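First up is the structure itself, then whatever we jot down about it.
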Amino acid sequence: MSEQQSGKSVEGSGAFQGDVLSTYGREPLLPREREYKTLSAHGTCFAYAIATWCFLTGGITANYVGAIQGMVCLIAGNLIGVFLVGVALSAGCQRYGVEQIDFCKPAFGQYGARVVLIFYLLNMLGWSGLILVMFGNGIVNMVKAVGYESPEWLVGAGVALGIWITYIITTRGVEQLRVFNNIVTPGLMITIIFMFYMLINNHGWDEIVAAPALDPLDSTWMNYAIAVELGIASGMSWWGGIGFLARNTKSRRNAFYPPVLQLGLAFGIVCSMALFSGLVVGTDDPTMWMVPLGGVVMGMLALVFMAFANITSTSVSLFASGLALRHIPGLHKSTWKFIIGLTCVPLVFFVFWPTELYDMGGAFLAYNGTMHAPVAGILLVDYFFLRKQRIHLRSIFEAAPTGLYYYWKGFNVLALGCIVLGQLAYFVVFNPFTDDVHAMMRFVPASIASFGIAAIVYWVGMRAWIGRRMGGLNVQESTLPTRLRIPNI
Amino acid sequence: MLEQENVPDLVTDLERRIDAMQNMGDAELGGFTRLDWTILILISVVIPAIVIWALR
């Protein structure tokens, strides 16, 4: 890992090996260097999708709706969410071989893209914290399953242990993660199929369908609207993963179809199985389903495996967060261990307040919508409608103030303003922290409102105002410099 | 973003990649026809929206 990270030339004459760049670097990937063909693109997406966040998402949805409505919300909502966040990233990152934060620069500005980076990190670290609490809860339930009382501090101690193990794995590099993933993905599939078999065998489909929601609001339509929103928002939380995948695919079809079919459809189906378990067992905590569903021996085995899977999921998140932190100038030359250590710092809050933060899981899931929906709307309009799928690649890596995507001091205030506007629109329609729902949400989910408002205002603002003077909408490519002045790499 | 012990090499390599990708034709990166767009929009927006609406 250290040699790979050093960025040394490995082919001579200034060329860098493709797999090193695809894993650690930001340079545009040439088609011959890209890893994913059809099968591997679907396989990788499937491995991303089938992780412990399925259990969390399904469990949280069980609070609001029953089996049929929940299944529709999770599958259909995820498909919509993945498509809306993924369409511009799939097209642009695949066409130019750039990763997602760099792809944001034409719209948000050379430094404005770092605001999106913050959202990305919040998303990654939020998921990591929730999964680590699930790891801690798993330890508590194992202790209880063998007949002991569990002290209150055990969940927090479990989170601390999880952080430590994750740190060790993540700092050992991507190969270690791949080995873990190769074991965890099929293992999780077996666990899910086993859970589903036990559900059908012990309870039957009729009981699953008849099971009431765990903690619904008084209004039926509000519960359904929130569940739809959770589905769309969880689809939107794949924002970073879709950009990474598209950059690494050789063909355009492989950049578009695998995210929709695996991160949208397959993820929605697996979440639905978790939803059924939550409804039947009567709790949204996935670690409490295993023993009631599988009995003590099989339940304990499933819990041990879940703990293992939780560590792997967290390691993947921390790895992605570490890569994202490389965008920050002060961290360009930091060691990988230091960067991963830095990503662990916010997780310490989950050691001291595990239950309080875990209970906010539903709000966090919906908050993914407020973060990614306006960004996705802006990127879609910018790439497809304003730039007609043509960006000036050199300007993405140009940090000089004369650069095409420099705007004002590196920030496009219109795009950033549209994010704020989109987030406000989201909170007007639905406040995920208080579950306040506006009547409008009967017809328009909050993330769709946020996506649409940000997209429209950005389009109008760029056409009528900023795009006339900056952003490169009206510039002939032949008039632009052919060499970088201040490279941003 | 790699740890940059050899920045001039990295910039030279970056310039080479930028030129290669910027001058590459769309066709070299695989086709995506109107039929693809239709299928994609149907399965990921139209049908899901109809199902969500029908179950309200």
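The values are calculated or read from the model by the stated rules, or taken from the named source; none is laboratory data. No experiment lies behind these values; they were computed from the predicted model shown. Glycine gets a Cβ as well: all are built from the backbone with ideal geometry, and neighbour counts include every protein chain shown. Only protein heavy atoms, including side chains, enter the accessible area calculation; ligands, DNA and RNA are left aside. Shrake-Rupley method; radii C 1.70, N 1.55, O 1.52, S 1.80 Å.
Take A:VAL116 and tell me if it is open to solvent by 10 Å² or more (accessible area, probe 1.4 Å) and either closer than 30 Å to A:GLU99 by Cβ or of a type outside the set (D, E, K, R) (or both). The answer is no for A:VAL116.
Residues considered: A:GLY299, A:GLY294. Of these, the only one that is open to solvent by less than 10 Å² (accessible area, probe 1.4 Å), away from chain B (no Cβ under 14 Å) and more than 25 Å from the chain's Cα centre (by Cα) is A:GLY299. Just one residue in the set A:GLY204, A:GLY231 is of a type outside the set (A, V, I, L, M) and either open to solvent by 10 Å² or more (accessible area, probe 1.4 Å) or farther than 28 Å from A:LEU89 by Cβ (or both); that residue is A:GLY204. Within the range A:238-264, if we keep just the residues that are charged (D, E, K, R) and part of a helix (DSSP H, G or I), the residue that is nearest to the other protein chains (Cβ to nearest Cβ) turns out to be A:ARG252. Just one of the listed residues (A:ILE193, A:ILE131, A:ILE183) is of a type outside the set (Phe, Trp, Tyr) and buried (at least 18 other Cβ atoms within 10 Å of the Cβ), and it is A:ILE131.
Looking at the range A:61-82 only, could you name the residues that are closer than 19 Å to A:MET371 by Cβ and touching a Phe, Trp or Tyr at 6+ places or on another chain (Cβ under 9 Å)? Reasoning before the result, please.
Here is the first cut: in the range A:61-82, the residues closer than 19 Å to A:MET371 by Cβ are A:77-78, A:80-82.
Those that are closer than 19 Å to A:MET371 by Cβ and touching a Phe, Trp or Tyr at 6+ places or on another chain (Cβ under 9 Å): A:ASN78, A:GLY81, A:VAL82.
Consider A:ALA454 carefully, then state whether it is open to solvent by less than 10 Å² (accessible area, probe 1.4 Å) and either assigned to a helix (DSSP H, G or I) or closer than 26 Å to A:SER237 by Cα (or both). Here the answer is yes, as A:ALA454 does meet what is asked.
Of all residues in the range B:31-56, those that are assigned to a helix (DSSP H, G or I) have Cβ atoms under 8 Å from Cβ atoms of residues that are open to solvent by less than 60 Å² (accessible area, probe 1.4 Å) and among the small types (Gly, Ala, Ser), 6 or more apart or on another chain, in B:SER44/A:GLY264; B:ILE47/A:ALA76; B:PRO48/A:ALA76; B:PRO48/A:GLY77; B:ALA49/A:ALA76; B:VAL51/A:ALA76; B:ILE52/A:ALA76; B:ILE52/A:GLY77.
Scanning the range B:9-52 for residues that are exposed (fewer than 11 other Cβ atoms within 10 Å of the Cβ) and either more than 8 Å from chain A (Cβ to nearest Cβ) or basic (Lys, Arg) (or both) yields B:ASN23, B:GLY25, B:ALA27, B:THR33, B:ARG34, B:LEU35.
Could you grab me the full set of residues in the range A:207-228 that are in a helix (DSSP H, G or I) and either open to solvent by 20 Å² or more (accessible area, probe 1.4 Å) or not hydroxyl-bearing (Ser, Thr, Tyr) (or both)? Result: A:GLU207, A:ILE208, A:VAL209, A:ALA210, A:THR220, A:TRP221, A:MET222, A:ASN223, A:ALA225, A:ILE226, A:ALA227, A:VAL228. The set of residues from the range A:265-289 being over 17 Å from A:GLY204 (Cα atoms) and either part of a helix (DSSP H, G or I) or aliphatic (A, V, I, L, M) (or both) comprises A:LEU265, A:ALA266, A:PHE267, A:GLY268, A:ILE269, A:VAL270, A:CYS271, A:PRO286, A:THR287, A:MET288.
Might you check whether a residue that is modelled with pLDDT under 95 and either among the basic types (Lys, Arg) or touching a Lys or Arg at 6+ places or on another chain (Cβ under 7 Å) (or both) occurs anywhere in the range B:35-45? Taking every residue of the range B:35-45 in turn, none turns out to be modelled with pLDDT under 95 and either among the basic types (Lys, Arg) or touching a Lys or Arg at 6+ places or on another chain (Cβ under 7 Å) (or both).
Quickly run through the range A:457-482 and pick out the residues that are part of a loop (DSSP other than H, G, I, E, B) and either open to solvent by 70 Å² or more (accessible area, probe 1.4 Å) or β-branched (Val, Ile, Thr) (or both). Even if it seems obvious, please write down each step before you answer.
If we filter the range A:457-482 for residues that are part of a loop (DSSP other than H, G, I, E, B), which is where we start, we get A:470-476, A:480-482.
Matches in the range A:457-482: A:ASN474, A:VAL475, A:GLN476, A:THR482.
All conditions but one from (1) open to solvent by 50 Å² or more (accessible area, probe 1.4 Å); (2) within 27 Å of A:GLU27 (Cβ to Cβ); (3) modelled with pLDDT of 95 or more apply to A:LEU265; the one that does not is (2). Note on the range A:314-343: residues that are part of a helix (DSSP H, G or I), at the interface with chain B (Cβ under 9 Å from one of its Cβ atoms) and under 19 Å from A:GLN176 (Cβ atoms) amount to 2. So for the range B:8-17 (the condition being at pLDDT below 90 and assigned to a loop (DSSP other than H, G, I, E, B)), does at least one residue qualify? No - not one qualifying residue is present in the range B:8-17. On the given criteria, is A:PRO354 buried (at least 23 other Cβ atoms within 10 Å of the Cβ), touching a residue at least 60 places away in the same chain (Cβ under 8 Å) and over 30 Å from A:ILE80 (Cβ atoms)? Criteria met by A:PRO354.
When the helices (runs of 4 or more DSSP H) confined to the range A:45-155 are screened for residues that are more than 14 Å from the chain's Cα centre (by Cα) and within 14 Å of chain B (Cβ to nearest Cβ), those reaching at least 3 such residues are found at A:67-96.
The set of residues from the range A:158-182 being of a type in the set (A, V, I, L, M, F, W, C) and free of Cβ contacts under 8 Å to residues at least 40 places away in the same chain comprises A:LEU161, A:TRP164, A:ILE168, A:VAL179.
The rows are residues; the columns are (1) of a type in the set (A, V, I, L, M); (2) touching a Ser or Thr at 6+ places or on another chain (Cβ under 7 Å).
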{"residue": "A:LEU161", "(1), (2)": "yes, no"}
{"residue": "A:ASN181", "(1), (2)": "no, yes"}
{"residue": "A:MET189", "(1), (2)": "yes, no"}
{"residue": "A:MET195", "(1), (2)": "yes, yes"}
{"residue": "A:ALA211", "(1), (2)": "yes, no"}
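Considering the conditions (1) open to solvent by 20 Å² or more (accessible area, probe 1.4 Å); (2) in a loop (DSSP other than H, G, I, E, B), A:TYR405 is excluded by exactly one of them, (1).
Filtering the range A:234-262 down to residues that are aromatic (Phe, Trp, Tyr) and modelled with pLDDT of 95 or more, which residue is nearest to A:GLY92 (Cα to Cα)? Among them, the one singled out is A:PHE256.
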